[in-house]
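Comments concern the structure below.
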Amino acid sequence: YDSAAVFHSVSSTVLWVLVLPVAMRIRSRIAKLSNSDLSRFLTNDVLKGGILLGLAQLAFLLFASIQCDANAKEAGLRWQQCRRTLFSQTGLGGLVAIFGIIKLVSGVVPLHILTKHTVSMEKVVAMNVRLDEAVQFFGLGIATISALFLLGLYGAEGDFQSEDEEYFVISVMFIGMGALIINALWKGTIIRRQMRREQAEGIERDPSQPIMDANPLPLLQGSSFWVYVGVTLTTLYTILNILAALTGSSNKIYGPLSSLAMPVVLICYGLRIFCQPTKRSPREMWFLRLHFMSFSFVGEGVWIVVMLVEKDLGAAAWYFGRLCSDSLSFHFLLKLRAAVGRLPPNDLRKFLLDSLFTGAAQTLMPMLFVTFKATTCMIENSLETCESTAKSSAFLSVFIIAWWIMKLIQGSVRSEWRKDIGITIEAIARMEVSLRRLLQGLLTIIVGVCGVFLFSTMSAEETSEELVETVGVVGFLCATVCVISEVYSVSKAQSQKLSESANGNRAPESAPNEERPVSEIDGGHVVISILLTSSYTVLNMSYAVLMQDWTWIIAFMLMPLASTSMVMSFMMKPKRTDAKYKTFLLLHFLSFTVLSELGTIVGNFRTGHDTYVYSLVLKVPFWVVLWRELSKRRIYAAKLNPAELSSFLCNSVLVKGLSAMGPIVFFAFETVSCLISQGDLHSSKCQGTSSASMYLSMYLWVLFTLSISRSALPKSAQKATAVTYSDMASLKNLPPWQKFQGLLLSLAGFFSLFLFSVLGVETERTDLSLIAGGGGAICMGAVVMIGLTRGAAPMRPGRNVEGEEEERKGDLVRSPIEKGRSDRAISASEIEEGMVLASMI
């Protein structure tokens with residue numbers, strides 16, 4: 001007899017009994033909505049928010065506990081070794097479920113009332129909020145922080161070390177869920193009163209009319225509340241830094257805590273400096289300088305004195321260098337603050353909303369996540385064991401802050417000057433950029449690669465601290481050079497514009513569509529793609545000759561990246577139809593497929609890996625079909641009009657191709673991190689991660705190939721086979737092949753969620769992983785074959801797109817949220833973007 005379990009079951013039953021009548025009452029209200037509101041509710045809230053997003057998140061959370069339980073059984077351990085993951089899954093699942101239910105219930109509220117009671121960023125910046133909005137803001141903030149902490153705990157194997165740790169995790173769970181519930185009840189009560197008041201007064205509103213703020217207020221500075229927050233947190237950090245310096249090695253808590261808190265404190269310090277840029281009185285400037293001295297001079301000065309007392313001159317010189325760097329940074333920030341204060345009102349408002357506060361929120365979320373992940377490692381093991389994880393977290397936070405600083409620099413430019421300073425994707429496609437900008441882009445890629453590698457090492461059991469420091473320092477130096485280059489570009493352009501304005505020589509205003517359409521991508525991009533695919537071929541041929549396993553392992557991890565690069569190079573010059581260029585493409589394709597597969601087959605035969613040979617032979621028909629279909633897509637793309645061709649080359653080929661390469665690199669680094677942690681290229685504990693990485697990378701490549709094949713068609717042909725959320729909700733207008741394709745994509749997504757949960761887990765490859773990977777590969781292969789032959793084919797004769805569009809307009813489930821705007825279509829490219837986003841998270 002377990003009294004606690006009985007009480008839990010009885011209380012859950014009573015809760016569901018109480019929820020049932022409330023749900024039935026809400027359902028009856030939903031039935032009374034107008035056609036447009038009901039359409040919006042079914043498509044946006046039920047289908048997209050509830051099924052496609054909510055259930056997918058819950059399924060993803062479920063798989064980590066299953067994987068942890070399987071690993072524990074394989075190691076002969078009990079399920080208690082998975083309590084950390086199980087508790088984090090329960091907390092995150094509860095937060096996702098409560099948030100989804102709140103979104104569903106919000107669907108019965110008229111849009112104008114819901115918009116009125118939603119806290120805008122402008123109100124947060126000015127702290128001009130009502131009591132209900134303040135409760136909503138802080139409630140969502142508490143729930144977000146709780147979710148990030150549980151997400152950092154997610155995937156950690158092992159039982160709790162003490163009851164206090166277990167109670168702390170449970171408290172975080174209930175605090176987050178309680179904040180959401182209180183927020184929903186408070187907001188719901190106020191909304192219900194307004195709905196009843198409007199109903200009693202007979203107020204009716206046309207849902208097609210736009211919702212405008214009745215009294216828009218100019219936003220020229222933020223609230224003093226953010227100044228107090230910045231000063232308070234930086235002062236607490238200074239005290240913590242002093243304690244860490246004075247206690248030294250005798251106390252191992254203050255030092256790691258100050259390292260983990262530093263990125264968050266820097267965000268708050270940035271808000272404090274730029275929150276009120278129009279204040280430039282002598283008193284304000286003296287206060288800024290005194291605040292900096294207390295934040296930097298005192299903190300770094302204590303370390304310098306302590307190191308000099310201990311006669312550690314090297315460490316003292318390091319902290320003195322940091323002090324000089326802080327002083328130079330403060331001088332630059334004051335100049336940037338003065339430039340922001342001179343912006344016109346509209347540009348200043350946009351800077352405060354987008355660059356400063358929205359950018360700070362976008363920066364703070366990933367920083368808190370990596371910080372909580374490092375904190376979880378410390379709780380799970382010890383401070384000494386997790387020193388490399390803490391360093392990875394600190395370097396990642398610095399990279400993210402560098403990105404925010406560049407966004408602040410770009411936001412300090414007047415809106416009419418930004419188009420002359422910025423670089424368009426068309427200019428990148430034609431390689432019409434200066435050498436300095438080209439080097440800056442290369443350094444930005446290096447920073448991204450270093451960040452991806454450091455993030456992958458955070459889940460490894462053991463990582464060399466020297467390797468983490470080397471990669472982190474390289475990324476930090478590259479990020480510093482990028483920031484300096486951005487400052488130089490903006491300063492030079494602003495000085496030129498100001499001098500032109502002073503002399504009365506205004507440059508002619510450029511038309512919005514002045515950018516020339518791109519007919520082909522520059523040959524430099526083609527050369528880079530050729531080099532990447534050729535490296536894969538060389539590695540496979542080296543494996544056949546040398547029979548060194550490391551060549552095959554590197555080629556194995558490089559294959560998805562090289563495959564993506566090969567498809568991109570195929571589509572970069574669609575108008576080149578001469579025999580010479582076609583022969584070049586054929587040789588490139590044959591070297592990538594035939595030579596690479598031949599080298600792998602010979603190498604595996606010579607090393608006795610006969611199992612891989614048969615799987616490689618089965619890929620030959622796929623390559624033949626791919627060559628045939630890609631050749632067709634080049635012909636279709638060459639027939640596009642100049643605007644569509646330019647959009648295809650810049651967005652579909654270049655942008656989406658590079659976006660797909662990002663997570664592929666991350667998946668590969670997960671395998672590299674595991675191999676480095678184990679210190680053995682043949683370690684069986686990396687088989688699970690390497691298999692999951694390869695399968696997920698190939699799924700992403702398949703989606704990219706399908707997306708680029710579809711984008712090569714004219715807009716009319718794409719519209720003929722487009723699938724909207726309304727179509728998915730009703731399933732009335734979809735042909736059987738699209739329904740079957742959707743079913744296969746759903747199964748592949750289900751398998752992908754399981755493979756995502758395996759990433760970073762150092763364990764042997766299980767039968768469940770093979771089933772998930774193989775099942776997903778079969779589904780994705782069928783999806784791309786259907787897409788290439790049916791879904792991405794030219795518009796079939798007799799298909800009246802306009803007539804079908806008019807027929808769909810009479811469907812109740814169609815979603816005319818905005819008057820005159822058609823329903824948005826969902827495609828493989830959108831699924832690819834979602835997969836990219838999920839892998840980045």
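The values are calculated or read from the model by the stated rules, or taken from the named source; none is laboratory data. The model shown is predicted, which means the values in this text are computed figures rather than measured ones. Using ideal geometry, Cβ is built from the backbone for each residue, glycine included, and neighbour counts are taken over all protein chains shown. Note: accessible area is taken over every heavy atom of the protein model, side chains too, but ligands, DNA and RNA are not part of it. Shrake-Rupley method; radii C 1.70, N 1.55, O 1.52, S 1.80 Å.
Which of the residues spanning region 95-121 are outside any helix (DSSP H, G or I), of a type in the set (G, A, S) and touching a helix residue (DSSP H, G or I) at 6+ places or on another chain (Cβ under 6 Å)? Can you show your working first?
Taking region 95-121 first, the residues outside any helix (DSSP H, G or I) are 107-110, 117-120.
Subsequent filtering for residues that are of a type in the set (G, A, S) retains 107, 120.
Of everything in region 95-121, just one residue is outside any helix (DSSP H, G or I), of a type in the set (G, A, S) and touching a helix residue (DSSP H, G or I) at 6+ places or on another chain (Cβ under 6 Å), namely G107.
Restricting attention to region 254-284, the residues that are in contact (Cβ under 8 Å) with a residue 12 or more places away in the chain and either among the aliphatic types (A, V, I, L, M) or not in a helix (DSSP H, G or I) (or both) add up to 16.
Condition first: in contact with a Pro (Cβ under 8 Å, 6 or more places away or on another chain) and either among the small types (G, A, S) or at pLDDT 90 or above (or both). Can you find one or more residues in region 340-350 that meet it? Yes: one or more hits.
Could you please find all residues in region 1-49 being part of a helix (DSSP H, G or I) and charged (D, E, K, R)?
Narrowing region 1-49 to residues part of a helix (DSSP H, G or I): 3-31, 35-49.
Hits for region 1-49 are R25, R27, R29, D37, R40, D45, K48.
Looking only at region 77-132, residues that are of a type in the set (K, R), modelled with pLDDT of 80 or more and within 25 Å of A31 (Cβ to Cβ) come to 1 in all.
Collect the residues in region 339-354 that are touching a residue at least 60 places away in the same chain (Cβ under 8 Å) and open to solvent by 30 Å² or more (accessible area, probe 1.4 Å), keeping them in residue-number order.
Answer for region 339-354, where residues must be touching a residue at least 60 places away in the same chain (Cβ under 8 Å) and open to solvent by 30 Å² or more (accessible area, probe 1.4 Å): P344, P345, N346, R349, K350.
For region 299-323, residues that are assigned to a helix (DSSP H, G or I) and open to solvent by 60 Å² or more (accessible area, probe 1.4 Å) total 8. Among the residues of this structure, V672 does not count as one that is more than 30 Å from V468 (Cα to Cα) and of a type in the set (V, I, T). Answer with yes or no whether L706 is among the aliphatic types (A, V, I, L, M) and either free of Cβ contacts under 8 Å to residues at least 12 places away in the same chain or under 20 Å from L61 (Cα atoms) (or both). Considered against the rule, which asks whether it is among the aliphatic types (A, V, I, L, M) and either free of Cβ contacts under 8 Å to residues at least 12 places away in the same chain or under 20 Å from L61 (Cα atoms) (or both), L706 comes out as no.
Is it the case, given these coordinates, that L20 is open to solvent by 40 Å² or more (accessible area, probe 1.4 Å), in contact with a helix residue (DSSP H, G or I) (Cβ under 6 Å, 6 or more places away or on another chain) and not aromatic (F, W, Y)? If you could, list the steps in order and put the result at the bottom.
Details: open to solvent by 40 Å² or more (accessible area, probe 1.4 Å): yes; in contact with a helix residue (DSSP H, G or I) (Cβ under 6 Å, 6 or more places away or on another chain): no; not aromatic (F, W, Y): yes.
No: the conditions fail for L20.
Checking the stated criteria, V124 turns out not to satisfy the condition of being outside any helix (DSSP H, G or I), of a type outside the set (D, E), open to solvent by less than 30 Å² (accessible area, probe 1.4 Å) and out of contact with any Cys (no Cβ under 9 Å at 6 or more places or on another chain). Taking region 684-779 as the region of interest, the helices (runs of 4 or more DSSP H) fully inside it that hold 2 or more residues being touching a Phe, Trp or Tyr at 6+ places or on another chain (Cβ under 9 Å) and on the phi < 0 side of the Ramachandran plot are 687-711, 736-758.
Answer yes or no as to whether V135 is more than 23 Å from the chain's Cα centre (by Cα), free of Cβ contacts under 8 Å to residues at least 40 places away in the same chain and open to solvent by less than 50 Å² (accessible area, probe 1.4 Å). Reasoning before the result, please.
Working: more than 23 Å from the chain's Cα centre (by Cα): yes; free of Cβ contacts under 8 Å to residues at least 40 places away in the same chain: no; open to solvent by less than 50 Å² (accessible area, probe 1.4 Å): yes.
Spelling it out, it is not the case that V135 is more than 23 Å from the chain's Cα centre (by Cα), free of Cβ contacts under 8 Å to residues at least 40 places away in the same chain and open to solvent by less than 50 Å² (accessible area, probe 1.4 Å).
Of note, I521 does not satisfy the criterion of being assigned to a helix (DSSP H, G or I) and either within 29 Å of the chain's Cα centre (by Cα) or at pLDDT below 75 (or both).
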